[in-house]
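Novice: What follows is a structure written as structure tokens; I'll ask about it next.
The values are calculated or read from the model by the stated rules, or taken from the named source; none is laboratory data. What you are looking at is a predicted structure, and each value in this text was computed from that prediction instead of being measured. Positions of Cβ are generated from backbone atoms using ideal geometry, with glycine treated the same way; all protein chains shown enter the neighbour counts. For the accessible areas, the whole protein counts, side chains as well, though only heavy atoms, and no ligand, DNA or RNA atoms are used. Shrake-Rupley method; radii C 1.70, N 1.55, O 1.52, S 1.80 Å.
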Amino acid sequence: MTAQGLFISFEGIDGAGKSTHVEALAERVRGTGRTVVLTREPGGTPLAEKLRSLALHEAMDPLTEALLMFAARRDHLQQVIEPALARGDAVLCDRFTDATFAYQGGGRGFDWQTLSTLERMVQSLPSVSEASGVKLRQPDLTLWFDLPPSTAAERLAGARLPDRFESQPITFFEAVRAGYERRMSEDPSRFARVDANQSREQVWQAVCQSVHSRGWI
Ligand SMILES: Nc1ncnc2c1ncn2[C@@H]1O[C@H](COP(=O)(O)OP(=O)(O)OP(=O)(O)O)[C@@H](O)[C@H]1O
Ligand SMILES: Cc1cn([C@H]2C[C@H](O)[C@@H](COP(=O)(O)O)O2)c(=O)[nH]c1=O
């Protein structure tokens, strides 16, 4: 947990079941007396929502796509996430930087090191002294809803008009899933991998268990 606030991100391929549990978890966290800020990426501010719309619907090259994600994140961090954490609120965010590594890094094959450089630029915490090194804003917990891409595709079939990401083939989502795997291997204690290939109730129990075991609900 950060000094004051609590930051939980929800990750996974499209259709993994993240959004199904965000509001219910928010309710459980509110029950502990915390104010909850429910938000999403790309998005979460008026500017970032405009960038979201571009990223999801306009054709562009992988670098432009990665820069848009980080530009949206920078605004979101400054306008919403950092102020909320400073107030001691809980921020529940539907996707954060792991999605950039998974989708742009894994899915698109964009250079992982360049993404790490952008991450350092965008997420450095200003108040940390030089002696203790640069600290990056990261979620206190990342719930990774892990589901085989074929099952996710079945769940999404016919649900809505697919955007630039949702219309990608299964092989793209296999690469995204591998991106999440790699990202988790780089910081395992931050992640809880939730087996999303279960009933909604079983997934919910797994979500609650991960948050409860950390003493946050
Ligand atoms: N455990 C489950 N079993 C079967 N269907 C599920 C389960 N969880 C969610 N669903 C259904 O799968 C679909 C996708 O779920 P949801 O919108 O929560 O996914 P998501 O990860 O938020 O997707 P996206 O990132 O594309 O917004 C919805 O129709 C939802 O009702
Ligand atoms: C943050 C982030 C998101 N994406 C992709 C992943 C999804 O396909 C869409 C967002 O849609 P959702 O229904 O809100 O899940 O954007 C990405 O490629 N890179 C990112 O950093």
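Novice: I'd like to compare 146-155, 103-112, 55-64, 195-204: which one has the highest average count of other Cβ atoms within 10 Å, and what's the full order after that?
Specialist: Numbers: 146-155: 17.0, 103-112: 20.6, 55-64: 13.1, 195-204: 14.8.
By packing density, highest mean first, the sequence is 103-112, 146-155, 195-204, 55-64.
Novice: Just the number please: accessible area per residue for region 132-217, 1.4 Å probe, all protein chains included, in Å².
Specialist: Details: 4550 Å² over 86 residues.
Spelled out: the 1.4 Å probe surface of region 132-217, per residue, equals 53 Å².
Novice: Ok, one more. What are the ³J(HN,Hα) couplings of region 146-153, residue after residue, when phi is run through the Karplus curve with 6.51, -1.76, 1.60 and θ = phi - 60°? Round to Hz, x for glycine and proline.
Specialist: Couplings: 9, 9, x, x, 5, 5, 4, 5 Hz.
Novice: So, one more: Please report the carbon-and-sulfur percent of the accessible area for region 92-217; probe 1.4 Å, protein heavy atoms only, DNA, RNA and ligands left out. Write down the numbers at each step before the final one.
Specialist: Details: 3170 of 6230 Å².
Roughly 51 percent, rounded to a whole number.
Novice: Suppose only helical runs count, i.e. DSSP H with n ≥ 4. What mean residue ellipticity at 222 nm does that imply for the chain under -39500 (n - 2.57) per run, divided by all residues and rounded to the nearest 500 deg cm²/dmol? Intermediate results must be reported in sequence, preceding the final value.
Specialist: Values: 8 runs with 96 residues, N = 217.
About -13500 deg cm²/dmol.
Novice: With every protein chain left in place and a probe of 1.4 Å, what is the accessible surface of Glu82, to the nearest 10 Å²?
Specialist: Its accessible surface works out to 50 Å², give or take rounding.
Novice: Can you run phi through the Karplus equation (6.51, -1.76, 1.60; θ = phi - 60°) for region 207-217 and list ³J(HN,Hα) in whole Hz, with x for Gly and Pro?
Specialist: Here the 3J(HN,Hα) series is 4, 4, 4, 5, 7, 5, 5, 9, x, 9, 9 Hz.
Novice: Taking the highest mean first, how do the peptides 165-172, 6-13 order by number of other beta carbon atoms within 10 angstrom per residue? List each step's numbers first, then the result.
Specialist: Numbers: 165-172: 14.2, 6-13: 26.2.
Per-residue mean Cβ counts within 10 Å order the peptides as 6-13, 165-172.
Novice: Okay, moving on. Which loop-located trypsin sites (Lys or Arg not before Pro) does region 1-69 contain, where loop means any DSSP state but H, G, I, E or B and the Cβ has at most 10 other Cβ atoms within 10 Å? Present the calculation step by step, with values, prior to reporting the outcome.
Specialist: On the way: sites: Lys18, Arg28, Arg30, Arg34, Arg40, Lys50, Arg52; in loops: Arg34.
The qualifying sites: there are none.
Novice: With just the Cα atoms defining each centre, how far is region 86-121 from region 147-217? Give it in Å.
Specialist: Between the Cα centres of region 86-121 and region 147-217 lies a distance of 15 Å.
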